[in-house]
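Student: One structure, as C-alpha cells, below. Some questions next.
The values are calculated or read from the model by the stated rules, or taken from the named source; none is laboratory data. Owing to the predicted nature of the structure, the values given are computational and were not obtained by experimental measurement. Cβ coordinates were reconstructed from backbone atoms using ideal geometry, including for glycine residues, and neighbour counts include every protein chain displayed. Heads up: the accessible areas ignore ligands, DNA and RNA and are worked out on the full protein's heavy atoms, side chains in. Shrake-Rupley method; radii C 1.70, N 1.55, O 1.52, S 1.80 Å.
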Amino acid sequence: MSNGLIQGLAAYFLWPGLLAGALLGWLYLWLSRALIARMQRRFGPPFYQPFFDFVKLLGKRSMVPAGTAPLLYYGLPLAAVISITLALAVMPLPGGLNASFTGDLILVLYLMEMPAFCDILAGFASRSIYGQVGSSREAALILGYSLPFIAAVSALAIQADSFRMVDVLALPFGPVHVLAAAAFILAVPARLKSNPFSIPNAEQEIVAGPHVEYNGPALALFELAHGLEFVAVGALFSVLFIPRLPSAGLNLVLYLAAGLLLVLITSVLAAATARLQIHRAFRFYWTWGALAALGCVVLAALL
Amino acid sequence: MGLFSSILKLSRRRSPWVYVLNAGSCNGCDIEIGSLLSPRYDMEQIGALRQGSPKHADILLITGPLTLRSADAVRSIYAQIPEPKAVVAVGSCPATGNVFAGSPTVEDGVLHVVPVDVFVPGCPPRPQAILAGVQEAAHLLAEGKTGRWHKEKHHE
Ligand code: SF4
C-alpha cells in the first residue's frame, strides 16, 4: 500500500511527471526557438534559455491586477501545472506508473484540456480587454482543433474496443493508425498555439492574449504549463501511435523521438507561415480536420 | 538560499525581456531597435525578447524626447513593469531633447519623469550600441543596481 503511494509520488514528481516533464519541456521549448531562429538565419537563444526565463520570472515581484481575486490569479496557473503533470504521470510511459484503469484515456484527455481552460479563465479574470479577446479566440480555437484530436483518439479506442490506454497500446499497427496520426498531427500546432494558429496569444497584435496581465511567478507557472503541454502531447502521441518494443531502453528512445518529431513539425510550420485569422483557422479545422476525423473514425468502425 | 540567489542573478542577466516605448520619437530610433530582431543583430542570442505587455518586461526602452502628452503614459508604463526593472534611454532625444530641446511641447529630459539606468547616445544610435545598452542594463539588473540616476523636476 505505502509502496504504491511512493511509486505514485515518484511518477508524479520525478519521472515522467514534474521534474522530467519540466526538463524535457524546457528542452523542447529551446529546440523550437533555436530551430525557428536557424531557419531565419539567426543564432537563436542559448541552450539554458527557457530555464533562465523561468527562474527570472520566479524572482520578480508580482502585481495582482486590480479587480482580480488573488486566489484566482495564482490558482489558475497552478491548476494548469498540476493537471497537466497528472496527465503525464497517468500515461503508461516507459519507466512510469503502470496503473491502468478503465477510462484512463478519457481522464488524460480532460487533464490535457485543463491548461487551455485555465488560460481562458485567466484572460477573462484579468479584466483586460486584450485578455478577453485572447480568451474568446482560444475558446473558438478549441472547438476547431478538438474535432480531429478527439476523433483520432476515439478511432483508436473504437478499434481497441476500450478506453484503456494499455489496450490501445497493445493494438497491432494498421491503416487506422496512419489516418489517426495524420488527424492528431493536424491538431498539434493549434494545441501548442504555434504559428499559423498562434491566434489566442497573438503577440503584439493583441498584446499578449490571455496572459497580458500576468507577471512574475504566475506567468512563470503558465510558461511551465506550456512546456509540460508540449511534453504531454508528445507522450500521448507515443502512447497512441508508436508501437512498443520488448526493450525498455528502445521504448524510452522512441518516447523522446516522438516528442522531438512533433517539435520539428511545429517549428518548421511556425517558421514558414504567418498567423491566420480566427475564422480561417476555424474553417480549416472544420473542413480538413473534419475530413480527417471522419476518415479515421469510419475506417476504425469498418475494420 | 545562496545557490538560488546566484542562479537568480545569472537568470536576470541572461533573460532581459524588453518593452519598447515611443515617447514622441521621429521613428529613427524605433527602426534601429526593430533591426535588433533581424538576423544580423539577433537580440535573442543574449536571451532578450521583445514583449507586447509591460507586465512581462524587465527593461523599458524609451525613444523620443518625451512630449508633454506622452509623459503620463511613460510614468504609467514604467509603473506597470514589475520590480526589478531597468530603463534604457535610446538616442539623444530622451537624454537631452536633441533637436527638440527648448520646445514648449517636450519635457527637458527623461530623467524628470522616470529613473534611467543606461543612456545610449546617437541620432539614431547604431543597433550594436542599443544591444550593448540592453546588455549593460541586464548586468545592472543582476547586480541590483538599477534606478540610481533620478532627479525630481524642480518647479519654480
Ligand atoms: S535621437 Fe534622433 S533618431 Fe532618435 S528619435 Fe531622436 S531625432 Fe529621432
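Student: Given the residues A:LEU143, A:LEU156, which is the only one that is touching a helix residue (DSSP H, G or I) at 6+ places or on another chain (Cβ under 9 Å) and surrounded by fewer than 19 Cβ atoms within 10 Å (Cβ to Cβ)?
Tutor: A:LEU143
Student: Further question: Could you go through the stretch A:58-72 and let me know if any residue there is assigned to a helix (DSSP H, G or I), facing chain B (nearest Cβ under 8 Å) and touching a helix residue (DSSP H, G or I) at 6+ places or on another chain (Cβ under 8 Å).
Tutor: Taking every residue of the stretch A:58-72 in turn, at least one turns out to be assigned to a helix (DSSP H, G or I), facing chain B (nearest Cβ under 8 Å) and touching a helix residue (DSSP H, G or I) at 6+ places or on another chain (Cβ under 8 Å).
Student: Based on this model, can you work out whether A:LEU31 counts as open to solvent by 60 Å² or more (accessible area, probe 1.4 Å), modelled with pLDDT of 85 or more and not aromatic (Phe, Trp, Tyr)?
Tutor: no
Student: Right, next: Only one of A:PHE47, A:PHE51, A:PHE43 is open to solvent by 10 Å² or more (accessible area, probe 1.4 Å), closer than 18 Å to B:PRO16 by Cα and part of a helix (DSSP H, G or I). Can you tell me which?
Tutor: Values: A:PHE47 fails: part of a helix (DSSP H, G or I); A:PHE43 fails: part of a helix (DSSP H, G or I).
Criteria check complete, one pass: A:PHE51.
Student: Sticking with this structure for a sec: State which residue is modelled with the lowest pLDDT when the search covers only the stretch A:213-243 and only residues that are more than 28 Å from A:LEU256 (Cα to Cα) and either open to solvent by 10 Å² or more (accessible area, probe 1.4 Å) or in contact with a strand residue (DSSP E or B) (Cβ under 9 Å, 6 or more places away or on another chain) (or both).
Tutor: My answer is A:GLU213.
Student: Out of A:VAL188, A:VAL176, A:VAL166, I need the residue that is assigned to a helix (DSSP H, G or I), farther than 21 Å from A:LEU121 by Cα and open to solvent by 10 Å² or more (accessible area, probe 1.4 Å). Which one?
Tutor: The conditions single out A:VAL166.
Student: Quick one: which of B:ILE62, B:ILE46 is within 14 Å of another protein chain (Cβ to nearest Cβ) and under 19 Å from B:VAL134 (Cβ atoms)?
Tutor: B:ILE46
Student: Any residue in the stretch B:133-151 that is surrounded by fewer than 19 Cβ atoms within 10 Å (Cβ to Cβ) and within 16 Å of the ligand (Cβ to nearest atom)?
Tutor: no
Student: With the checklist (1) touching a residue at least 60 places away in the same chain (Cβ under 8 Å); (2) under 12 Å from the mean Cα position of the chain (by Cα); (3) away from chain A (no Cβ under 14 Å) in hand, flag the one item B:CYS93 doesn't pass.
Tutor: Unmet for B:CYS93, out of (1) touching a residue at least 60 places away in the same chain (Cβ under 8 Å); (2) under 12 Å from the mean Cα position of the chain (by Cα); (3) away from chain A (no Cβ under 14 Å): (2).
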